[in-house]
């Protein structure tokens, strides 16, 4: 039986022979099975990923639905033909799109290129989240549909390709996983590092559990500073006029908007540095305004992110 890593490599080998390709001044553009890969410049250490702004809902791909809950194993069976009770509470699925997050990411990408001199890699899923969710485990993401599995493997295969290109630079890298939410109108950013909500509030901070472990191990400052101090990403966003968790002003969910906070999902877990390597990953949950008015906020956010990259991922001594 093929392992996930082997399956991913197998599918990626297939798509490299079937994808569309064009070359431009900022790198190449690849497209395969509902995934866009904008290859950046040779020396970039930055990757942007956008999993939930897809709009395509092909009839040939089954729509995702809640799974069947197994009370004995306390797990969910995500196959469409699963037997048992389809439990919306324990095995529910999220199918809402993070509208305009891809356009925002494109504006951010352009500004990071201007600030750093290198254009980031960017991966975007074209499939609507009701058909495939790249930020979930493969079984939940595709629910046994072959085409959805193919799209999932293609999406993460392109991330693997981007990370391999970053590794070739010899410098540490950073991936920003860009998401959106609709429950609050203010400029409230949630930055996910895989640190639990309660641990942030209690100050129980372990760099070994975070998706920026590589960064935390190589800088000459405390983990708390790099996570929510003045020189953290949240601190830099705060200085630019945004509200962010974690940051100096809002160190944990308890200090923010009703305790709302998401620590990061599958992409952050899989592609960050928690389990090894020197490429970090931060999930960014963003409110409606920056995504809707992306031509205004994209450059503003990209300036902050570009400065963050120059400070920590430029290859210079920290």
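Condition first: surrounded by 20 or more Cβ atoms within 10 Å (Cβ to Cβ), touching a residue at least 12 places away in the same chain (Cβ under 8 Å) and within 23 Å of residue 171 (Cβ to Cβ). Now tell me which residues in segment 208-233 satisfy that. Reasoning before the result, please.
Kept after step one, since they are surrounded by 20 or more Cβ atoms within 10 Å (Cβ to Cβ), are these residues of segment 208-233: 210-216, 223, 226-228, 232-233.
Applying the additional criterion that residues be touching a residue at least 12 places away in the same chain (Cβ under 8 Å) yields 210-215, 223, 226-228, 232-233.
Those that are surrounded by 20 or more Cβ atoms within 10 Å (Cβ to Cβ), touching a residue at least 12 places away in the same chain (Cβ under 8 Å) and within 23 Å of residue 171 (Cβ to Cβ): 210, 211, 212, 213, 214, 215, 223, 226, 227, 232, 233.
Taking segment 261-318 as the region of interest, the helices (runs of 4 or more DSSP H) fully inside it that hold 1 or more residues being within 13 Å of the chain's Cα centre (by Cα) are 266-271.
Can you tell me which residues in segment 248-260 are part of a loop (DSSP other than H, G, I, E, B), closer than 23 Å to residue 101 by Cβ and touching a strand residue (DSSP E or B) at 6+ places or on another chain (Cβ under 8 Å)?
Taking segment 248-260 as the starting set, the residues that turn out to be part of a loop (DSSP other than H, G, I, E, B) are 248-252, 256-260.
Next, only the ones that are closer than 23 Å to residue 101 by Cβ stay: 250, 256-258, 260.
Listed by number, the residues that qualify are 250, 256, 257, 260.
Scan segment 38-74 for residues that are surrounded by 14 or more Cβ atoms within 10 Å (Cβ to Cβ) and without any contact (Cβ under 8 Å) to a residue 24 or more places away in the chain and jot them down. Of everything in segment 38-74, those that are surrounded by 14 or more Cβ atoms within 10 Å (Cβ to Cβ) and without any contact (Cβ under 8 Å) to a residue 24 or more places away in the chain turn out to be 68, 69, 70. With the condition kept exactly as written, say whether any residue in segment 269-290 is modelled with pLDDT under 95, in contact with a helix residue (DSSP H, G or I) (Cβ under 6 Å, 6 or more places away or on another chain) and either within 23 Å of residue 198 (Cβ to Cβ) or surrounded by fewer than 23 Cβ atoms within 10 Å (Cβ to Cβ) (or both). So far as segment 269-290 goes, no, none of its residues is modelled with pLDDT under 95, in contact with a helix residue (DSSP H, G or I) (Cβ under 6 Å, 6 or more places away or on another chain) and either within 23 Å of residue 198 (Cβ to Cβ) or surrounded by fewer than 23 Cβ atoms within 10 Å (Cβ to Cβ) (or both). Consider segment 210-226. How many of its residues are in a helix (DSSP H, G or I) and touching a helix residue (DSSP H, G or I) at 6+ places or on another chain (Cβ under 8 Å)? Residues flagged as in a helix (DSSP H, G or I) and touching a helix residue (DSSP H, G or I) at 6+ places or on another chain (Cβ under 8 Å) within segment 210-226 amount to 6.
Residues in segment 99-129 that are more than 22 Å from residue 40 (Cα to Cα) and touching a helix residue (DSSP H, G or I) at 6+ places or on another chain (Cβ under 7 Å) were compared, and the one that is modelled with the lowest pLDDT is 99. Close contacts from segment 304-318, counting a first residue that is at positive phi and surrounded by fewer than 22 Cβ atoms within 10 Å (Cβ to Cβ) and a second that is at pLDDT 95 or above and in a loop (DSSP other than H, G, I, E, B), with Cβ to Cβ under 7 Å and a gap of 6+ residues or different chains, come to 315/171. Here segment 129-175 is the region considered, the condition is being within 20 Å of residue 97 (Cα to Cα) and touching a strand residue (DSSP E or B) at 6+ places or on another chain (Cβ under 6 Å), and the residue that is surrounded by the fewest Cβ atoms within 10 Å (Cβ to Cβ) is 154.
Can you spot a residue in segment 107-128 that is within 17 Å of residue 181 (Cβ to Cβ) and within 15 Å of the chain's Cα centre (by Cα)? Within segment 107-128, none of the residues are within 17 Å of residue 181 (Cβ to Cβ) and within 15 Å of the chain's Cα centre (by Cα).
The values are calculated or read from the model by the stated rules, or taken from the named source; none is laboratory data. Computed from a predicted model, the values in this text were never measured in an experiment. When we count neighbours, we look across all protein chains shown, and the Cβ atoms used for this are built from the backbone with ideal geometry, even at glycine.
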